Amino acid sequence: MSEEVLRAVDLTRRFGGVIACDRVSLALRRGEIHALIGPNGAGKTTFLNLLSGELAADSGRILLCGRDITRLPTHRRARLGLARSFQITSILPGMSVLENVSLAIQAHAGSSFRFFADAGRDPALNEPASELLARVGLRECAGLPAARLAHGQKRVLELAMALAGDPEVLLLDEPLAGLGPEEGRRMVELLAGLRPRTTMLLVEHDMDAVFRLADRVTVLVYGRVIASGDPDGIRRDPEVRSAYLGEEEGG
Amino acid sequence: MPRLSEMGWRWRILLALALLSALLIPWTGDDYLVKLATRILIFALAASALDLVLGLGGLVSFGHAAFLGLGAYVVGIMFLHDFEGTGFLGLAPSQDIFVQFLLAALVAGGFALATGAVCLRTRGVAFIMITLAFAQMLFFFFVSLRRYNGEDGIALWNRSRGGWLELEDQRTFYYFVLACLVLFLVFAARLYHSRFGRVVRGSKDNDRRMRALGFPTYRYRLTAYLLSAVVTSIAGVLLANATYFVGPAYLSWHMSGQLIVMVVLGGIGTLFGPVLGAALFILLEEFLPDVLDLFAAGAGEYWMLLLGPLLVIVALFARRGLLGVLVGTGR
Ligand SMILES: Nc1ncnc2c1ncn2[C@@H]1O[C@H](COP(=O)(O)OP(=O)(O)OP(=O)(O)O)[C@@H](O)[C@H]1O
Ligand SMILES: [Mg+2]
């Protein structure tokens, strides 16, 4: 259980004068749910973007299963097993729910430079896609245009897309954002159910969810890691309380 | 564009009618009508090829006339050298239409790869402007190219040769063009639902998501651009043969604009819609001036003024264009 799947070493990224990530280091052990928390603007999304390749790091290194991926483009990292969800839901609104997931499967199922065969009728894509939809509870919506789903369902759909191809690491940017209490509870159950097969880096503002799910927690403030460790230790850490948790309770 | 097996009765009737009338037109024996229909089919080919990037990829290419023109100039330049008995870059010129297809595909494909590699790094308005700029470069290149008569262009004395096909015969030529169009449409309909087609459509929908899923979308968009350019250049070869003429006007931005208008009129992203759009556009271009002249002498010149409002109406009320009106908007 202590094998490292993903390791970030001293990742740094500036935007003009702002240092959004300042020498952030973090390691994910296989099978764990690692929560990344911190106040608004702390640099959590930036850090995920550095890991997924949406943004280039100014300095630092990223290792996925021991392999240096620092210079690889987003799509290569995804093919190597780095999947993600976005803070603002990101699906393919013009396609059906099934097509959304089946395209995600397609990304991991050989070349897509195939011009003739009907992909929408390919059981090798549709069957795993249907299974995934069933797993997350969206089977009934398979034929609907994705744009017609409710917000909560869209977030679940995005999770299903990220799960296609059995990723090594799942980067989740506030999966509970905008969900009602009932939907939120179901999302937490869903994520808990992915353990221990999927290693997760979970960015989340909902502290109940974080402390229910996380095996370890890292706290980011102004682009810096101020604490990292098991949830109980983090909860008691005075620096964390004053920098973050205290604010949360006060506000 | 639905799969054949999923088409409703309106789709089926429309397809049957279109195919039937396309097959029967030469039997009217009306030479003028056959020529007009030939022109429609050629522009239908170019417009649905443009739809591969515009509709499927969401990339508004304002420079597709470049590919049309390159195809046409292949015919013109080959004709001229053959006529003079001179070589082209040390090679013997060929008037065989299949050789010319191949040459057009190579030249247009090369131009598409070189320019697409730059254009496709951008999106939206920048993409429109850069494609336009490249096409204009080519336009001015041919305007100033004395060797090939600059802006006067090249008049052809004969059509390309088609082996045992007697292309000089209007009816044979018409069926040849029809075969090219039908072949492409069948291919395009397959492409739409293929893995490749899905990736291109997905990249239009949400490129960021597609990259995060693991697709190098740039490569797919570039390939779509290349395919579209090659087919458009084939239409160019046919156009030169239909009009017995090649000139820089084929590469002008008016031409690029017309192709876009045809796609929008017919129905963006439907591949078949642009065929209807091409037909509507060319029929309007042909008959609207005469109709307007009936109301006021000289008014015919301004037929384009009516096109504007028509486009606005389509944009506002019929997002799937004429095709959407005819078969309904359900996918
Ligand atoms: N593309 C960008 N250009 C300029 N500045 C940016 C950019 N992205 C983020 N920033 C800045 O970097 C800092 C970190 O932002 P980031 O979005 O990573 O925070 P976050 O922890 O995800 O916040 P939130 O909880 O609100 O989502 C902020 O000061 C933000 O303004
Ligand atoms: Mg964020």
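The values are calculated or read from the model by the stated rules, or taken from the named source; none is laboratory data. Note that the structure is predicted; figures quoted are calculated from it, not measured. Positions of Cβ are generated from backbone atoms using ideal geometry, with glycine treated the same way; all protein chains shown enter the neighbour counts. Surface accessibility is based on the protein's heavy atoms, side chains included, excluding ligands, DNA and RNA. Shrake-Rupley method; radii C 1.70, N 1.55, O 1.52, S 1.80 Å.
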- Message: Let's see if you can work this out: charge +1 on each Lys and Arg Cβ, -1 on each Asp and Glu Cβ, no other charges. What is the dipole magnitude of chain B about its Cα centre, in debye to the nearest 20?
- Response: 1980
- Item | Mean separation of Cα contacts under 8 Å, 6 or more apart, over the residue count of region B:277-326: relative contact order % | 23
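Contact order normalised by length for region B:90-231, with contacts defined as Cα pairs under 8 Å and 6 or more residues apart; what percent is it? Working shown, then result.
Details: 76 pairs, mean separation 50.4, N = 142.
Relative contact order here is 36 percent.
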- Note on the structure: One finds the C-alpha centres of region B:270-294 and region A:181-216 to be spaced, in Å, by 59
- Message: With viscosity set to 1.002 mPa s at 20 °C, what whole-number translational diffusion coefficient in µm²/s follows for the protein assembly as shown from Stokes-Einstein and a Kirkwood radius over Cα pairs?
- Response: 80
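Given a Förster radius of 51 Å and the C-beta distance between B:Trp164 and A:Leu80 as r, what FRET efficiency does 1/(1 + (r/R0)^6) yield to the nearest 0.05? If you can, show how the numbers build up before the last one.
On the way: r = 55 Å, r/R0 = 1.07.
Plugging the Cβ-Cβ distance into 1/(1 + (r/R0)^6) gives 0.40.
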- Message: For chain A, set up a GNM with springs between Cα atoms under 10 Å and report which of A:Ala209, A:Ala20, A:Ala109 has the largest fluctuation.
- Response: A:Ala109
- Highest-MSF residue in chain B out of B:Tyr244, B:Tyr220, B:Tyr302 [GNM, Cα springs under 10 Å]: B:Tyr302
- Restricting attention to region A:93-168, which trypsin sites (Lys or Arg not before Pro) occupy a DSSP loop and are surrounded by at most 13 other Cβ atoms within 10 Å? none
- If amide H atoms are modeled at 1.01 Å from N in the peptide plane, then the residues at a separation of 5 or more from A:Ala227, or on another chain, having amide H under 5 Å from its own are A:Val219
- Out of B:His64, B:Ala242, B:Leu178 - ranked by how far each Cα lies towards the positive end of the dipole of region B:30-252, with unit charges on the beta-carbon of charged residues - the top one is B:His64
- Query: Expressed as a whole number of Å, what is the distance separating the alpha-carbon centroids of region B:17-39 and region A:92-138?
  - Reply: 42
- Item | Nearest-ten-degree value, helix A:97-106 long axis tilted from longest Cα axis of chain A | 80
- Note on the structure: Candidate span helices, chain B: DSSP H, at least 27 Å along axis from Cα coords, Kyte-Doolittle average at least -1.0, result B:31-51, B:65-84, B:97-119, B:124-143, B:170-193, B:217-243, B:273-295
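Subtract the Cα-Cα distance of A:Asp208 and A:Ile226 from 0.36 nm times their separation in residues, and report this length gain in nm to one decimal.
Details: separation 18, 0.36 × 18 = 6.48 nm, distance 2.05 nm.
Here the segment from A:Asp208 to A:Ile226 would lengthen by 4.4 nm.
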- Message: Relative to 2.2 N^0.38 Å, what does the C-alpha radius of gyration of chain B come to as a ratio? Two decimals please.
- Response: 0.99
- Which value, in Å² rounded to 10, gives the accessible area of B:Arg320 with a 1.4 Å probe and all protein chains present? 80
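Quickly estimate the mean residue ellipticity at 222 nm for chain A, helices only: each DSSP H run with n ≥ 4 gives -39500 (n - 2.57), and the total goes over all residues, rounded to 500.
Working: 9 runs with 83 residues, N = 251.
Result for chain A: -9500 deg cm²/dmol, rounded to the nearest 500.
Taking all pairs of different Cα atoms in region B:258-323, averaging 1/r and flipping that mean, what Kirkwood radius in angstroms comes out? Don't skip to the answer; put the middle values down first.
Numbers: mean 1/r = 0.0833 Å⁻¹.
When all Cα pairs of region B:258-323 are included, the Kirkwood radius is 12.0 Å.
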- Which residue, B:Leu222, B:Leu239, B:Leu191, tops the fluctuation ranking in a GNM of chain B built on C-alpha contacts under 10 Å? B:Leu191
- Task: Could you work out the Rg to Rh ratio of region B:122-274, with Rh taken as the Kirkwood radius (inverse of the mean 1/r over all Cα pairs)?
- Result: 1.02
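Within 11 Å, Cβ to Cβ, of B:Ile130, how many net charges do the neighbouring residues add up to if Lys/Arg are +1 and Asp/Glu are -1?
On the way: positive: B:Arg121, B:Arg123; negative: none.
So the surrounding residues net to +2.
Would you work out if chain A is rounded, prolate or oblate? Take a ≥ b ≥ c from the square roots of the eigenvalues of the alpha-carbon gyration tensor; rounded if a/c is under 1.5, else prolate when a/b is larger than b/c, oblate otherwise. Intermediate values should be presented prior to the final figure.
Numbers: a/c = 1.97, a/b = 1.46, b/c = 1.35.
It comes out prolate by the Cα gyration axes.
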- Over the Cα atoms of region A:114-208 the radius of gyration and the largest Cα-Cα distance (Dmax), both in Å, equal 14.5, 50
